[in-house]
Amino acid sequence: MRNTFRNFGFDVDLMKTQQELPIETSIITTTEISTPLGPMLAGATAEGICILEFINRIRLEKEILDLQKLLNAVMQPGQNPHLDQLENELAEYFEGKRKVFSVPLHAPGNEFAQTVWKILQEIPYGQTCSYKQQADKMNNPKAIRAIASTNGRNRLAIIIPCHRVIGSDGSMTGYAAGVEKKKWLLKFERDNSEKPANTLF
C-alpha cells in the first residue's frame, strides 16, 4: 500500500525552505499511502502524525512549507512506527472496519484551533454537522467564519474529519481535496455506519 515518497513535485521549494531553517531541526518522516480516492501524503514526528493530505489538495505545497517552519523541521522519507500504525488504520477505514482512529497525532495550533479540531473529532462516523452547530457547541455563535477557516487549516484529512461538516441547508461546502471526495467519504461512511445517520446531508 505504501509507495516511494516523491516530494510531489515540490523538491525545489522544499530545499529552499530547508535552507531557511536553523541548523538544529527536527524530522518529519514522510511516505505516500495509496487509497481508493488516490494517493495521500503522510508525515509523522516522534510525537505522532502531523500531516495526512490527498496530494491534489489545493495549496498543498504552501501547507507543507508552513508546517516545516511551524515545527522547525525538514521532511524526509523513511520509517516511523506512527506511519505504520496509520497505514494499517487507514486500510481498515477504507474496508469499512474502522470508525475511530487511535494513532497518535501531532497537530500544532493555538487554543482556538485545538478546540475546533477536537469538536470535529467528536462528530460521529456516518453523521454530519454544520458550521453553526460547531459554533454552538463552542458557545461562540459568532465564530462561524473563524471556525470554517480553521477547519480549512486542518492538516489531518479523514482522521480529523472536516469532511463531515456541511452547510446548514445540507449543501456541500468547500473541501480542499475536492467536493467529489467529500461526497464519496460521506456516502461511504453512511453506507458502513451501524446506526441510522443523523445527518444534514
Exercise. Would region 56-71 turn up any residue that is touching a Lys or Arg at 6+ places or on another chain (Cβ under 8 Å), part of a loop (DSSP other than H, G, I, E, B) and not charged (D, E, K, R)?
Worked result: no
Problem set entry | Scan of region 112-142 for residues that are surrounded by fewer than 19 Cβ atoms within 10 Å (Cβ to Cβ), hydrophobic (A, V, I, L, M, F, W, C) and over 15 Å from the mean Cα position of the chain (by Cα), ordered by number | PHE112, MET138
Exercise. Has region 74-91 got any residue that is over 16 Å from PRO39 (Cβ atoms), among the acidic types (Asp, Glu) and buried (at least 18 other Cβ atoms within 10 Å of the Cβ)?
Worked result: yes
For this session: Look at region 143-161 and say how many of its residues are on the phi < 0 side of the Ramachandran plot and buried (at least 20 other Cβ atoms within 10 Å of the Cβ).
Result: 10
Problem set entry | Where GLY109 falls short, out of the listed (1) surrounded by fewer than 17 Cβ atoms within 10 Å (Cβ to Cβ); (2) in a helix (DSSP H, G or I); (3) under 15 Å from the mean Cα position of the chain (by Cα) | (2)
Exercise. GLY174: in a loop (DSSP other than H, G, I, E, B), without any contact (Cβ under 8 Å) to a residue 24 or more places away in the chain and over 15 Å from LEU37 (Cβ atoms), yes or no?
Worked result: yes
Exercise. Is there any pair linking a residue in region 94-105 that is aliphatic (A, V, I, L, M) to one that is outside any loop (DSSP other than H, G, I, E, B), with Cβ under 7 Å and at least six apart or on different chains, and which?
Worked result: VAL103/ILE49; VAL103/HIS82; VAL103/GLN85; VAL103/LEU86; VAL103/GLU89; LEU105/ILE49; LEU105/LEU156
Exercise. Taking interchain pairs and intrachain pairs at least six residues apart, which have beta carbon atoms under 7 angstrom, with the first residue in region 60-72 and closer than 10 Å to PRO108 by Cβ and the second of a type outside the set (Gly, Ala, Ser) and surrounded by 14 or more Cβ atoms within 10 Å (Cβ to Cβ)?
Worked result: LEU67/CYS50; LEU67/ILE51; LEU67/ARG155; LEU71/ILE28; LEU71/THR45; LEU71/CYS50
Problem set entry | Residue satisfying condition, being closer than 14 Å to ALA157 by Cα, in contact (Cβ under 8 Å) with a residue 24 or more places away in the chain, assigned to a helix (DSSP H, G or I) and assigned by TED's automatic domain parsing to the domain that holds ILE166, within set LEU90, LEU120, LEU86 | LEU120
Exercise. Checking GLY48 against (1) surrounded by fewer than 20 Cβ atoms within 10 Å (Cβ to Cβ); (2) among the small types (Gly, Ala, Ser); (3) on the phi < 0 side of the Ramachandran plot, which test does it fail?
Worked result: (3)
Seminar exercise, completed: By residue number, the members of region 107-118 that are touching a helix residue (DSSP H, G or I) at 6+ places or on another chain (Cβ under 8 Å) and over 16 Å from THR173 (Cβ atoms) are ALA107, PRO108, GLY109, PHE112, ALA113, TRP117
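The values are calculated or read from the model by the stated rules, or taken from the named source; none is laboratory data. Bear in mind that the values here come from a model prediction, so they are computed numbers and not experimental data. Cβ atoms come from the backbone with ideal geometry, glycine included; neighbour counts cover every protein chain shown.
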